[in-house]
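Just below is one structure, and these are the notes that go with it.
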Amino acid sequence: ASPDRDVAVFLRATRQMALELAARFLTDVVEDRYFGWDAGRYPSRRAHNAARALAQHHLARTVPVP
């Protein structure tokens, strides 16, 4: 394996993991039962998980994939 290939695999994996986390956080927006939340920063668990999902989606969109 070449260093360039290794970097490409790492970037694709990073994007995939971010998308999977976004989906998981969105699931908890609906189910409202798994992840904890910061009551000092968010009005509800759903709001916190929606923010998490958006952040992960943004990360996935910004990872440069060759």
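The figures follow:
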quantity	calculated
The chain: C-alpha gyration tensor shape, a/c 1.5 cut-off, then a/b vs b/c	prolate
Pairwise FRET efficiency - residue 11 versus residue 50, Cβ, R0 = 22 Å, nearest 0.05	0.25
Å² per residue, accessible surface of the chain at 1.4 Å	72
Accessible area in the full protein assembly, largest first, 1.4 Å probe, for 11, 19	19, 11
Accessible area (Å², 1.4 Å probe, nearest 10) - residue 35	50
In degrees, nearest ten, helix 3-31 long axis to first principal axis of the chain (Cα)	20
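The values are calculated or read from the model by the stated rules, or taken from the named source; none is laboratory data. These numbers were taken from a predicted model, which means no experiment stands behind them. So basically every Cβ, Gly included, is an ideal-geometry build from the backbone, and we count neighbours across all protein chains shown. These area figures cover heavy atoms from the full protein model, side chains too; ligands, DNA and RNA do not enter into them. Shrake-Rupley method; radii C 1.70, N 1.55, O 1.52, S 1.80 Å.
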